[in-house]
Amino acid sequence: MELEVRHLRALCAIADSGSLHKAARQLGMTQPSLTTQLRRIENALGGQLFARERTGCRPTPLGRVVLSRARPLVMEMRALVSETKAAAARAAEGPQLRIGSTASRAIPGWLRGLRGRLPGTEISLQMDVSANALLRAVAAGQLDVAFVHEVEGCPLRLPESLRRRVLVDREPQFVSLAVDHPAAAGPVVRLSDLAEDRWMVDPTVDGEWDGLRRVLTAAGLNPRVLHGDYLTAASLVATGEVVTLCQPTSLGRPDMAVRPLYGDPLGVRLLVAARTDDELDAVYGELEASYWEAAGQSPAYTEWLMRAGESRGTAGGTLVPASR
């Protein structure tokens with residue numbers, strides 16, 4: 001007799017339920033049939049796998065060894081069936097593009113551009129604060145592509161199976177503060193100007209808290225820090241309760257200002273990851289165009305890019321990627 005997956009599944013069911021009767025019902029079999037099958041499995045393996053007791057079935061030492069190998073195989077087979085069914089369903093529905101992303105103002109334009117070029121493709125979007133979680137999802141085949149932020153000094157765990165393309169090698173992180181904050185009066189804010197302020201950071205964003213803490217420590221600051229999501233942070237910033245890091249593409253509001261930090265002490269790398277170069281090619285052009293469109297809509301970032309361009313010898317007033 002050769003062992004099959006159904007035999008391993010039966011062993012796991014007996015161990016999990018602790019009863020031949022319950023396991024048989026779970027497997028859609030009669031108890032005598034399951035008892036006969038278990039006897040054949042034990043004969044094939046050359047030893048008793050379960051001790052039959054009045055209170056039920058308990059794995060023997062040999063049974064525990066077999067179960068330790070059987071469970072991963074059963075789980076892998078279950079995952080194979082589930083993923084294959086999902087792939088078949090997607091194929092029947094037509095072409096799909098599953099995008100994952102951390103927060104960015106480039107996303108609306110990116111999706112708009114892709115839908116315009118791929119009118120017959122169903123495009124879905126999954127947002128997550130964790131770049132590493134998105135990268136794992138791409139590697140597992142749950143997403144096709146991910147656009148993520150890598151905080152300087154906090155490298156992401158990029159699975160070896162993925163291809164990546166850098167959109168911006170170093171995007172400076174700005175600060176958002178109340179519009180009536182004294183430091184908002186100038187075009188650039190020094191960290192020392194915020195020494196008495198409370199900062200707010202979202203610790204669930206990969207690398208965010210470590211990056212901010214490193215920058216504050218290097219500046220000799222040890223401010224009070226609140227932990228929370230950035231939607232809440234925006235409300236608190238507007239009332240002067242906190243200051244917070246923000247992306248340079250962020251837009252100011254009548255009650256909130258966005259400013260560069262002097263010396264650009266913290267940056268992030270923007271990158272796109274997929275399993276193949278073809279998948280990267282399929283999405284990169286629209287993302288790049290949308291990102292620089294969003295950059296051009298931010299007065300603070302536009303000014304920063306112009307200054308950066310002038311310092312690199314480019315023509316004044318030309319919007320250029322700072323990393324190029």
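7 Å from Cα along Cα→Cβ at both Gln96 and Asp278: what's the point-to-point distance in nm?
Result: 1.9 nm between the two label points.
When Lys and Arg each count +1 and Asp and Glu each count -1, what net charge do the other residues less than 11 Å away from Ser130, Cβ to Cβ, add up to?
Charge balance near Ser130 sits at -2.
Take the Cβ-Cβ distance between Ala195 and Ser19 as r, set R0 to 51 Å, and report the resulting FRET efficiency rounded to the nearest 0.05.
For Ala195 and Ser19, the calculated efficiency is 0.15.
Using only protein heavy atoms and a 1.4 Å probe, report how much of Arg275 is accessible, in Å² to the nearest 10.
Counting only protein heavy atoms, Arg275 exposes about 70 Å² to solvent.
Let's test this: bin the Cα-Cα distances of the range 1-99 at 5 Å from zero up to the farthest pair and state each bin's percent.
Whole-percent P(r) values from 0 Å outward: 2, 12, 20, 21, 15, 7, 6, 6, 5, 4, 1, 0.
Give the relative contact order (percent, whole number) for the range 1-73; include only Cα pairs under 8 Å separated by 6+ residues.
34
When the accessible area of the range 46-169 is computed with all protein chains present and a 1.4 Å probe, what percentage of it is carbon and sulfur?
Accessible surface attributable to carbon and sulfur in the range 46-169 totals 55 percent.
For the range 180-266, state which GluC sites (Glu not before Pro) are in a DSSP loop and have at most 12 other beta carbons lying within 10 Å of their beta carbon. Show your work: numbers first, answer last.
Numbers: sites: Glu196, Glu208, Glu241; in loops: Glu196, Glu241.
Passing sites in the range 180-266 are Glu196.
Could you work out [θ]222 nm for the chain from helices alone, using -39500 (n - 2.57) per DSSP H run of at least four and dividing by all its residues? Round to the nearest 500 deg cm²/dmol.
The helix-only estimate for the chain comes to -14000 deg cm²/dmol at 222 nm.
Could you pull out every whole DSSP H run in the chain that spans at least 24 Å of Cα extent along its own axis and averages -1.0 or higher on the Kyte-Doolittle scale?
Those that clear 24 Å and a mean of -1.0 are 61-93, 277-296.
Could you state the number of Å between the C-alpha centres of the range 1-62 and the range 117-174?
45
With a 1.4 Å probe and all protein chains in place, put Tyr230, Tyr284, Tyr291 in order of accessible area, largest first.
Tyr230, Tyr284, Tyr291
Shape verdict for the range 130-192, please, from the Cα gyration tensor: rounded (a/c under 1.5), prolate (a/b greater than b/c) or oblate.
On the way: a/c = 3.58, a/b = 2.97, b/c = 1.20.
Note, shape of the range 130-192 comes out prolate.
Leaving out ligands and nucleic acids, and using a 1.4 Å probe, what accessible area per residue does the chain come to in Å²?
Per-residue value: 52 Å².
Among (i) 20.1; (ii) 23.8; (iii) 22.1, only one was calculated for this model; which label is it, if the read-out is Kirkwood radius over Cα pairs in Å?
(ii)
Out of residues 5 or more away from Val242 or on other chains, whose amide H comes under 5 Å of its own, with H placed 1.01 Å from N in the peptide plane?
Correct list: Val237.
Given the options Gly141, Ala178, Leu167, identify the residue whose Cα lies farthest towards the positive end of the charge dipole of the chain (+1 on Cβ of Lys, Arg; -1 on Cβ of Asp, Glu).
Going by the Cα projections, it comes out as Gly141.
Note down the relative contact order for the chain as a percent, whole number, built from C-alpha pairs under 8 angstrom at least six residues apart.
After rounding, I find 18 percent.
Considering the chain as a Gaussian network with a 10 Å cut-off on Cα pairs, which listed residue, Ala238, Ala137, Ala23, attains the greatest mean-square fluctuation?
Residue with maximal mean-square fluctuation among Ala238, Ala137, Ala23: Ala23.
Taking the Cα-to-Cβ direction at Leu80 and at Ser124 and moving 7 Å from each Cα, how far apart do the two end points lie in nm?
Going by the 7 Å Cα→Cβ label model, 2.4 nm.
Please identify, among Arg164, Arg190, Arg25, the residue showing maximal mean-square fluctuation in a Gaussian network model of the chain using a 10 angstrom Cα cutoff.
Arg25
Express in nm, to one decimal, how much length is gained between Ala133 and Arg224 on full extension, taking 0.36 nm for each residue of separation and deducting their alpha carbon distance.
Gain on extension, Ala133 to Arg224, equals 29.9 nm.
Quantify how much of the Cα-Cα distance distribution of the range 174-312 extends past 25 Å, in percent.
32
The values are calculated or read from the model by the stated rules, or taken from the named source; none is laboratory data. Not measured: the values here are computed from a predicted model. Neighbour counts are summed over all protein chains in view; Cβ atoms, including those assigned to glycine, are modelled from backbone coordinates with ideal geometry. For accessibility, only protein heavy atoms count, side chains too; no ligands or nucleic acids. Shrake-Rupley method; radii C 1.70, N 1.55, O 1.52, S 1.80 Å.
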